[in-house]
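K.L.:
Structure below; questions to follow.
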Amino acid sequence: MMSSPTGRVSVTALTKKQRKETRKMDKRHKANQLRRNKKDLVLTEKRRLGSRDGPPHLVAVVALHAGVDAEAVTRLLRCEGAGGLVREESSVCGVSDSFGLVMPRFKQRFTFLRPDTADMHSLLDVVKVADSLVFVLDSTEGWDSYGDHCLSCLFSQGLPTHALVCQGVSDLAVKKRVDSRRALAKISEIRFPGARLFPLDSDQDATLMLRHLGAQRQRRLGFRSRRPHLLAQQVSYTPNSSEGSGEAPTGLGTLRVSGYVRGCPLQVDRLVHISGFGDFLLSQIDAPIDPLPLNSMTPRPAKPGKEGDVDMCGRERVENMRVLMKADPARRESLQAEAEVDPMDGEQTWPTDTELLEARKSKRVMKVPKGTSDYQATWIVDEEDENGEEDEESTDDDEDDEDSMMEESIDGEDLDSQEDEEEELNSTSDKGGADQRYDEHMDEAEEGEGLKRYREARANEMFPDEVDTPLDQSAKNRFQRYRGLKSFRSSPWDPLENLPADYSRIFQFQSFERTRRRVLAEAAQEEEGAMVGWYVTLHVMDVPSTVMESVQAGRPLVLVSLLPHEQKMSVMHMLVRRHPSNTDPIKSKEELVFHCGFRRFRACPIFSQHTSADKHKLERFLRADAPTVVSVYAPITFPTAGVLLFKQREDGMQDLVGTGSLLSCDPQRVVLKRIVLSGHPFKINRRSAVCRYMFFNRDDILWFKPVELRTKWGRRGHIKEALGTHGHMKCVFDSQMRSQDTVMMNLYKRVYPRWTYDPYVPLPLPWVKGEGTQVPDDFDME
């Protein structure tokens, strides 16, 4: 401060440059603070995992080759020479080869399990909740074709922290060990660039492996870190009592699932989803004794359960547990998945005087019985009107079948000639014993369906969206749901126009992105409920008995707590690429099996282009050269989440056909189906031409006269007038046409997915590709 001659003290004002530098320093300090906080948070989570305050480190041992022995790996890790103490045998319910391991030296605890790799559903469910994976490789080949198929699924779903293990290297000669490791490192570089390969043949190797698992950096998977989840370690089931009510047994009961909370705190008022079975309500959360303590040598004993309870893991249930919290019916989430449909909720307005006057003028003369009033006569429908309404309703249902028949007839002559040649060759060739044995394993019906799909895909690739105008029906009636667009990019299309009845059953957000950010931010700041690392017992209400049958069959049970709104149905969009291993064409509206986050379901999706415009063109087949947006009716899931698409064969196997991620939830996304009507220039003048074969009557030409025309060579024009009554028309173009050019007209209509959502997905048979693939020996084909 400086004093002025008058004795006043002047205030030092910051210049514009100084204020700018101050704001820049504040931003830098704030960014450093955020970076430091995130780093501390990551270190805290890493130190908590496997410690006294966190859940045990969950490690899944996965064999990638049929010739390796994954059981030998788990046997070596549990031996006393590795430095660990086995506290709990069969620690994971439904998995026979699982155990809890405490390492006093490292002050860490682990839970190891070996899932059945032949059961793809169980493998994917375990990997969704596992903290680390141990891949067991073959010392010479690395992995076989089935192991490569498993890796494709796991990478697409989201791969957690992993380690590569190989056995049998120490048994080789000293000179061959280096060459073997070098060859195996070259093979593993394809899938795991820069990964370290661990030999596992001795107790010392097992100790180094455990140290590496406990100290390595953990990968953060968004779809599971934002949702509370647990892997069931104890499961018991109590059927609902129907005594005294006089009602028949419902087949439902209360499921008690015990396990360690992972991800984020779990609240009792939220819905829970059991993978493969659906959404359920919680009644209460208990706090039993931790079966794998880090400080004491032996867990405390438990008292036996009540009579009638079924414990599927062969243990005594804990009855003296403490109740943590009970559900509040006023705050509990609802199981309502669909909106309530009111059939009387449609818009209904009273007609104006002008409309009533026009209705009186348009009255048609018809014969009615004697004594019939005017009001009664209005309800009498002519046979022609009934037929017209039936044709209009059936047009949309039979449209796909008619289009496919038209596409097949495009190159029918060439295909017929090829079939004739094949028949001649088959009739003249002598089938030997090898040919008969080869034909025994061929399904003729499946082969015919594959040929049909291949021909449709090839016709769509050669002549995209082209259809033939029917001869026995007017084009005005056949394509009455289609309209022309001046510009596909800029022409308007109302997203709320003529919505189907299924849209009254779904939910929609005003802004899905804003809701997603708010829900995820609230989930990250939650500090109530069962905290991460607690060993709790969840009481799940009204669970079908099939859940216990699945646990009895030896399949793991994964339970996840849903975020708000994630039980409601809407239109979900997923960005998917076709998998390179799939060569069969995948048609739109064909039933596929979806794995989206923790959910799996069956549905018939539609495909569309991935663009930034407000309208998107329908794709009739899943493209191999570009990403495709898959739209389907499904429960809401907030991104990010991985997506796997499987197609089930006739024999029960499921092939991986596409992989991708969740895009958005937007029922107002406009997907337009395009059809192209083609014509041939008959007479060509300087600026005009006479075209035919696009329409076959005069009324159709006058109806589609406002729609713009284009040619394959880039000419643009319009219909000027109709010539005669047999479909000839005079067209004007911006420049002279050529004789080999084709006149085309684009028509569009909006399409919607089919409501075919089915949460039940049948168990797949072991996947086999070719003759060289081996199926694991421990899988029961029956």
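K.L.:
Looking at region 506-538, which of its residues are within 22 Å of Ser241 (Cβ to Cβ) and part of a loop (DSSP other than H, G, I, E, B)?
P.N.:
none
K.L.:
Please go through region 719-734 and give me each residue that is surrounded by 13 or more Cβ atoms within 10 Å (Cβ to Cβ) and not in a strand (DSSP E or B), ordered by number.
P.N.:
Passing the criteria: only Gly727.
K.L.:
Then there is this: Among the residues of region 660-692, write down those that are crowded, with 20+ Cβ neighbours inside 10 Å and outside any strand (DSSP E or B).
P.N.:
Selection gives Pro667 alone.
K.L.:
Report, by residue number, each residue of region 539-562 that is open to solvent by less than 10 Å² (accessible area, probe 1.4 Å), closer than 12 Å to Arg270 by Cα and either in a loop (DSSP other than H, G, I, E, B) or of a type outside the set (Gly, Ala, Ser) (or both).
P.N.:
Residues satisfying the conditions are Val540, Val560.
K.L.:
State whether the residues of region 144-154 include one that is touching a residue at least 12 places away in the same chain (Cβ under 8 Å), crowded, with 20+ Cβ neighbours inside 10 Å, among the hydrophobic types (A, V, I, L, M, F, W, C) and outside any helix (DSSP H, G or I).
P.N.:
No, the conditions are met nowhere in region 144-154.
K.L.:
Would you point out which residue out of Arg47, Arg52, Arg87 is within 30 Å of Val536 (Cβ to Cβ), modelled with pLDDT under 85 and in a loop (DSSP other than H, G, I, E, B)?
P.N.:
Of Arg47, Arg52, Arg87, the one residue that is within 30 Å of Val536 (Cβ to Cβ), modelled with pLDDT under 85 and in a loop (DSSP other than H, G, I, E, B) is Arg52.
K.L.:
Ok, one more. Take the residues in region 693-718 that are free of Cβ contacts under 8 Å to residues at least 60 places away in the same chain and crowded, with 18+ Cβ neighbours inside 10 Å, then tell me which one is nearest to Gln480 (Cα to Cα).
P.N.:
It comes out as Ile701.
K.L.:
For region 256-280: of the residues being farther than 10 Å from Val540 by Cα and basic (Lys, Arg), which is least open to solvent (accessible area, probe 1.4 Å)?
P.N.:
Checking each candidate, the answer is Arg262.
K.L.:
Among the numbered criteria (1) open to solvent by 40 Å² or more (accessible area, probe 1.4 Å); (2) farther than 30 Å from Gln552 by Cα; (3) in a loop (DSSP other than H, G, I, E, B), which single criterion is violated by Gly168?
P.N.:
Every condition holds for Gly168 apart from (1).
K.L.:
I'd like the full set of residues that are over 30 Å from Leu335 (Cα atoms) and either surrounded by fewer than 22 Cβ atoms within 10 Å (Cβ to Cβ) or out of contact with any His (no Cβ under 7 Å at 6 or more places or on another chain) (or both), limited to region 617-647.
P.N.:
Within region 617-647, Lys617, Leu618, Glu619, Arg620, Phe621, Leu622, Arg623, Ala624, Asp625, Ala626, Pro627 qualify.
K.L.:
Let me ask something else. For region 634-655, which residues satisfy the criterion of being in contact with a helix residue (DSSP H, G or I) (Cβ under 8 Å, 6 or more places away or on another chain), under 29 Å from Glu447 (Cα atoms) and in a loop (DSSP other than H, G, I, E, B)?
P.N.:
Those that are in contact with a helix residue (DSSP H, G or I) (Cβ under 8 Å, 6 or more places away or on another chain), under 29 Å from Glu447 (Cα atoms) and in a loop (DSSP other than H, G, I, E, B): Arg649, Glu650.
The values are calculated or read from the model by the stated rules, or taken from the named source; none is laboratory data. Small disclaimer: the values here were computed from a predicted structure and weren't measured. All Cβ positions, even for glycine, are placed from backbone atoms using ideal geometry, and neighbour counts span all protein chains on display. The accessibility values were calculated without ligands, DNA or RNA, using every heavy atom of the protein model including side chains. Shrake-Rupley method; radii C 1.70, N 1.55, O 1.52, S 1.80 Å.
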